[in-house]
């Protein structure tokens, strides 16, 4: 049985990993004025962050079209017994809805399941990795989808922001709006809960923020997968990986970078940890 896994580019999974696992990534869109780019296809992370910080135009994002999804589903259906398409929280983007509409154009050939991960970025990535590994092990479409409900409930992420300015600009700030009035020297920590970004504290310095990320790992139960996320501070990410290696094997960590589509909203200086606990069904 061949089950194909699809996600969108906000999963922030390294290309080497998606290639290895056979995951198809549908890119989000970025717009700098009249210029439109496909996330990580037409614009690299380095080019994007340079333009974000130095360019005169603040970019905007758009989800893939239903036709984008339909084209991917149509291609994969020729070689698959089923397709599972896993996307960022429907409360943060229209990507999930776009995938649902794309599925509706497909007729009744290959079964397709659209899954709302209720999270974003590399936390979504961990859900996708879990699905891809289950698919490779020969599990059925129904078995994988059933397990994903449990997986999603046990994936958690804590994000250290340098500023909430970009999140507010993009209108994605949600329940974290309460932190906007904080003094400028405070670094906010956000988590994902029920598909939204929610406040999870604030610290005075980056080093104290890294301590909080480490505590997040220390307090987790039976960690199955772990990823460290950054965008403009790779040295910090590597240092955090070293500190975390006493709690989780370094060779099993995923080191991921926030791509352009989410970088529009996060701004520079993001540092985060996502993990999957074993939990109990």
### Query
Once the Cα atoms of helix 234-244 and of the chain are each reduced to a long axis, what angle between those two axes, in degrees from 0 to 90 to the nearest 10, is obtained?
90
### Message
At R0 = 25 Å, how high is the FRET efficiency between residue 137 and residue 15 if r is their beta carbon distance? Nearest 0.05 is fine.
### Response
0.65
### Query
Where does helix 66-77 land angle-wise versus the long Cα axis of the chain, in degrees 0 to 90, nearest 10?
50
### Query
Just one of (i) -0.40, -0.72; (ii) -0.57, -0.85; (iii) -0.45, -0.82 is log10 I(q)/I(0) by the Debye sum over Cα atoms at q = 0.09, 0.12 Å⁻¹ calculated from these coordinates, so which is it?
(i)
### Task
Treating the angle as unsigned and between 0 and 90°, give the value, to the nearest 10°, between the Cα long axis of helix 45-54 and the longest Cα principal axis of the chain.
40
#### Entry: Estimated FRET transfer efficiency (residue 146, residue 215; beta-carbon r; R0 35 Å; 0.05)
0.60
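For region 155-277, what relative contact order do you get, as a whole percent, if you take Cα pairs closer than 8 Å and at least 6 residues apart?
Relative contact order here is 37 percent.
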### Principal axis dimensions, largest first and in whole angstrom, of region 155-277 by Cα
38, 30, 28
### Message
Please compute the contact order of region 3-153 in relative form: average sequence separation of alpha-carbon pairs under 8 Å and at least six residues apart, divided by the residue count, as a percent.
### Response
29
### Query
In deg cm²/dmol, rounded to 500, what helix-only [θ] at 222 nm does the chain give when every DSSP H run of at least 4 residues adds -39500 (n - 2.57) and the total is split over its residues?
-11000 deg cm²/dmol
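Given R₀ = 51 Å, what would the calculated FRET efficiency be for residue 204 paired with residue 41, taking r from the Cβ atoms and rounding to 0.05?
Efficiency, rounded to the nearest 0.05: 0.85.
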## Note on the structure
Expected sort for 73-79, 194-200, 159-165 on mean C-beta neighbours within 10 Å, highest first, is 159-165, 194-200, 73-79
### Query
Using alpha-carbon positions, what is the distance between the centroids of region 199-265 and region 1-31, in Å?
21
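A short reminder: the numbers here are calculations on the coordinates, not readings from a lab. Nothing here was measured: the structure is a model prediction, and the numbers come from that model. We place every Cβ from the backbone using ideal geometry, glycine too, and count neighbours over all the protein chains shown.
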